[in-house]
Amino acid sequence: MEASLSLTILALLGLVMLKLSLNILQPRQWALQQTLSDAYMSYERAYAERLPFQTLTSGTSPWPAYPTTTTTQVNLGSLPGGVAVTGTVLRTRLPDSNNLPIDSGTGTTATNPASMKTWKVQSVVTYKIGGRTYAKSRTVIRSQ
């Protein structure tokens, strides 16, 4: 009788300790998932900054002029155990209102005497983990 009572108490204590350890691991998983998406968004930002301006504003740009968008499936990374985290990247670019009309703006030579071309380059990544959808965005201002 005493042995079975002791085994029951030990089993309950073991289950409580297991539950506590799983509660500690959950925030670590969340931090890891955030790190994966932040790292990918750093790539998107670097890509937007290093792309030659002529390529960025061309008809074959990875960031088409708004309202047109491009959607690409990407692999954000892998969680422990080899679980892949995939997402969708939506890209577009918007002209600055002070651009000249030839550059999709409404500016004039009086408001834009240097004929500056300024574009807002936007990337939005959406991904799903545990049945919930998350989104992150980065905006880069490019001018020439």
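Could you tell me whether Val83 is closer than 30 Å to Ala31 by Cα and either touching a Gly at 6+ places or on another chain (Cβ under 6 Å) or exposed (fewer than 12 other Cβ atoms within 10 Å of the Cβ) (or both)?
Spelling it out, Val83 is indeed closer than 30 Å to Ala31 by Cα and either touching a Gly at 6+ places or on another chain (Cβ under 6 Å) or exposed (fewer than 12 other Cβ atoms within 10 Å of the Cβ) (or both).
Return the total of residues in the stretch 124-144 being over 14 Å from Ser42 (Cβ atoms), in a strand (DSSP E or B) and not aromatic (Phe, Trp, Tyr).
Of the residues in the stretch 124-144, 10 are over 14 Å from Ser42 (Cβ atoms), in a strand (DSSP E or B) and not aromatic (Phe, Trp, Tyr).
Quick one: which residue in Arg45, Arg93, Arg50, Arg28 is at pLDDT 85 or above, farther than 15 Å from Ser137 by Cα and of a type in the set (Lys, Arg)?
The unique qualifying residue is Arg50.
Looking only at the stretch 100-121, filter to residues that are in a strand (DSSP E or B) and touching a helix residue (DSSP H, G or I) at 6+ places or on another chain (Cβ under 9 Å); which one of those is farthest from Gln73 (Cα to Cα)?
Restricting to residues being in a strand (DSSP E or B) and touching a helix residue (DSSP H, G or I) at 6+ places or on another chain (Cβ under 9 Å), the top hit is Thr118.
Could you give me the residue pairs with C-beta distances under 9 Å whose first residue belongs to the stretch 73-96 and is outside any strand (DSSP E or B), whose second residue is aliphatic (A, V, I, L, M) wherever it lies, and which are 6+ apart or on separate chains?
Partner pairs satisfying both residue conditions: Pro80/Leu32; Asp96/Met116; Asp96/Ile141.
The values are calculated or read from the model by the stated rules, or taken from the named source; none is laboratory data. Fair warning: this is a prediction, and the values are worked out from it, not measured in the lab. Using ideal geometry, Cβ is built from the backbone for each residue, glycine included, and neighbour counts are taken over all protein chains shown.
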